[in-house]
Amino acid sequence: MEKEEAEKYIQAGQIAKKVVSKAKKDIKVGQKLLEIALNIEKSVKILGEGKANHAFPVNLSINENAAHFTPGTGCDLVLKESDVLKVDLGTHVDGFICDTAFTLNFDNSHAKMIEATELALEEALKIAADKTEIGKIGTVIEKAIKGKGFNPIQNLSGHGLGKYEAHASPSIPNIASGSTKKLEEGNAYALEPFATDGEGYVREGMQSEIFALEKPVLVRNVYARKMLEVIVEEYQTLPFALRWLEEKLKLPEFQRKVAIRELLKAKAIRGFPILHEQPGKIVTQTEKSFILFDGKATVLC
Ligand code: MN
Ligand code: MN
């Protein structure tokens, strides 16, 4: 990693920090999730001052939903006091990404589960350094979460961060995997412990609101072609929300659906289905990104 790249990571982190503290102040019970998402995405643009942009759509997963939910244009879900809301957002400066998340629960009925992921992340960051074994990070995370009486989610992981790549290798499991693979100086990573009162395993739902480019292939449908052009031009390999495309393309719903279906079939794009625990269970998450640069770990946000 060049010094210039490290500076861009740090800048992405500083902007993410501002976005997070604004979101923590602004989010209120009774607000529509769509309004929360639009506000956060707007504040990335404003606080980014033209230097930073979203790395992916803000994820606002509630209760048993662990990840990959972002409200669509027609979504009228409203935040309730008892909801457990995971706010997961990413900023990037020239493709250098800061990925960060926190959990809100206004009636504090799940405060202990939130503390579990906060503690797990804190403990994991203490040992994150050049040559730290990935298995050791998982061990620390699992121990902290189980120590609070919850289960870590075994099939959700931290990960590397690459240029314009929100989920790069390696995968960093939230359990004692025994992996002897090591963190390396010069790389960027995100750690994101998830805790649950469920079994600790998420499944894919039917619905996807978030997609990403796989490879730009030739498609016949004129709307699909136009959509692919916008995706390649605007988002490159970074994930995007269906509602972003709606806003950009202004296609009637039918054509839009046909276009998405075509692009999925041609494997030009892929969807990120909502990941959920069992109904009635709760999931919490805390995430921070860091770089290993100049012989030390620098937490971005
Ligand atoms: Mn994230
Ligand atoms: Mn992440």
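Rg and Dmax of the chain, based on Cα coordinates, read 18.7, 55 Å. Of the peptides 100-109, 73-82, the order by per-residue mean of other Cβ atoms within 10 Å, starting with the highest, comes out as 100-109, 73-82.
Taking the mean number of other Cβ atoms within 10 Å as a proxy for protection, how do you rank 250-257, 279-286 from highest to lowest? Mind dumping the intermediate values first?
Details: 250-257: 12.6, 279-286: 21.0.
Going from most to least packed, we get 279-286, 250-257.
Spin-label model, S82/Q236: points 7 Å from Cα along the beta carbon direction are separated by 4.5 nm.
Translational diffusion of region 33-134, estimated by Stokes-Einstein from the Kirkwood radius over alpha carbon pairs at 10 °C in a medium of 1.306 mPa s, is 104 µm² per second. Ligands, DNA and RNA are left out, and with a 1.4 angstrom probe the accessible area of the chain is 46 Å² per residue.
Which links in K25/K215; K22/K267; K3/K45; K146/K296 stretch past 32 Å when you go from one Cα to the other?
Working: K25/K215 39 Å; K22/K267 38 Å; K3/K45 25 Å; K146/K296 29 Å.
Those over the limit are K25/K215; K22/K267.
Rounded, prolate or oblate, given the Cα gyration tensor of region 148-224, with a/c below 1.5 counting as rounded? It is oblate, given that a/c is not under 1.5 and a/b is not larger than b/c.
The mean sequence separation of alpha-carbon pairs under 8 Å and at least six residues apart, normalised by the residue count of the chain, gives a relative contact order of 23 percent. Once the Cα-Cα distance is subtracted from the 0.36 nm per residue extended length, the K45 to K281 segment shows a gain of 81.5 nm. Dipole size of region 1-134 about its Cα centre, with +1 on Lys/Arg Cβ and -1 on Asp/Glu Cβ: approximately 460 debye, rounded to the nearest 20.
Taken along its principal axes, the alpha carbon cloud of region 210-271 reaches lengths of 25, 22, 18 Å, longest axis first.
Here the accessible area of region 210-271 is 53 percent carbon and sulfur, with a 1.4 angstrom probe and all protein chains present. What a 1.4 Å probe finds exposed on region 1-121 is 50% carbon and sulfur by accessible area, rounded to a whole percent. A simple spin-label model places pseudo-atoms 7 Å from Cα toward Cβ; at K112 and K250 they are separated by 5.4 nm. With helices as the sole contributors, the chain gives -11500 deg cm²/dmol at 222 nm; each DSSP H run of n ≥ 4 counts as -39500 (n - 2.57), and the sum is divided by every residue.
The values are calculated or read from the model by the stated rules, or taken from the named source; none is laboratory data. Here the structure is a predicted model, which is why all the values come from computation and not from measurement. Counting neighbours? That spans all protein chains shown, and the Cβs are built from the backbone with ideal geometry, glycine included. Please note that ligands, DNA and RNA were not included when accessible areas were found on the heavy atoms of the full protein model with its side chains. Shrake-Rupley method; radii C 1.70, N 1.55, O 1.52, S 1.80 Å.
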